[in-house]
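Structure first, then comments.
The values are calculated or read from the model by the stated rules, or taken from the named source; none is laboratory data. Keep in mind it's a predicted model, so treat the numbers as computed, not measured. Heads up, the Cβs are rebuilt from the backbone with ideal geometry, glycines too, and the neighbour counts pull from every protein chain shown.
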Amino acid sequence: MAQGFRVEEGNQRPTECCCGCSIKTGCLIIGWLGVVGGLLGCALYIAVLVLSQYVDRSDRFGNSFSQYETKSNTFYMILFAIGIPCSIIHVTVSSILLYGISKGLPKLLKIWIVYGYVNLGLSVLTLNCIGFALVWYFIKIVSAHRDNLLEGTNTGVGTVGNPGYGIPSYDNKVVHNSRF
């Protein structure tokens, strides 16, 4: 069995992230990578749209390719119309993941896990093997942290008890709250 995994009921669950850090720290890294990647995606789509307006679409003899300009502009507009909302959704879901980690709320981590499965499906459809492997691993890490929160075995720094299921009291006993 590989180090860093534990087996419970036939299911392997990671106990540490790939860089040797805790599961909680790995989730924070995943969340911040998602936020930065989504913001860079937005910037890239905006840059492509703006720069596509300034591309010289003529050959070296000065002949214009006007019949191709319309198709090219339509392509960039479709790319922009799909890419910007996807990037905004990515930033939003990654921000929800970061907030869920900081507050210890497993329900918010579940949102990211569902979003991860959607990305996993898209990776299969586009035959993106590296994307599939990364998203699968990220889902395993976030799921492990969510399970730790649900079980009250949070391995992260600064959290006592099970803040996702109840509120820790001063004597480290969990006081259950009906709003959770």
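How about region 110-125: which of its residues are within 15 Å of K24 (Cα to Cα) and within 10 Å of the chain's Cα centre (by Cα)?
Once the filter is applied, which keeps residues that are within 15 Å of K24 (Cα to Cα) and within 10 Å of the chain's Cα centre (by Cα), region 110-125 yields W112, I113.
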Can you pull out the residues in region 84-122 that are in contact with a Cys (Cβ under 8 Å, 6 or more places away or on another chain) and farther than 15 Å from D147 by Cα? I84, S87, I88, V91
Matching option when the condition is assigned to a helix (DSSP H, G or I) and surrounded by fewer than 17 Cβ atoms within 10 Å (Cβ to Cβ), among L122, L108: L122
Modelled with pLDDT of 50 or more, surrounded by 18 or more Cβ atoms within 10 Å (Cβ to Cβ), under 26 Å from C17 (Cα atoms) and of a type outside the set (V, I, T), is that true of L127? no
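Condition check ((1) of a type in the set (S, T, N, Q); (2) closer than 30 Å to G152 by Cα; (3) crowded, with 18+ Cβ neighbours inside 10 Å; (4) modelled with pLDDT under 90) across all residues:
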residue: C27; (1), (2), (3), (4): no, yes, yes, no
residue: A47; (1), (2), (3), (4): no, no, no, yes
residue: Q53; (1), (2), (3), (4): yes, no, no, yes
residue: K71; (1), (2), (3), (4): no, no, no, yes
residue: L98; (1), (2), (3), (4): no, yes, yes, no
Checked region 22-53 for anything in a loop (DSSP other than H, G, I, E, B) and over 23 Å from I111 (Cβ atoms); matches are Q53
Test: L105 is touching a Leu at 6+ places or on another chain (Cβ under 9 Å), modelled with pLDDT of 95 or more and of a type outside the set (G, A, S): no
Pick from region 73-96, criterion free of Cβ contacts under 8 Å to residues at least 40 places away in the same chain and in contact with a helix residue (DSSP H, G or I) (Cβ under 6 Å, 6 or more places away or on another chain), ranking: surrounded by the most Cβ atoms within 10 Å (Cβ to Cβ): I96
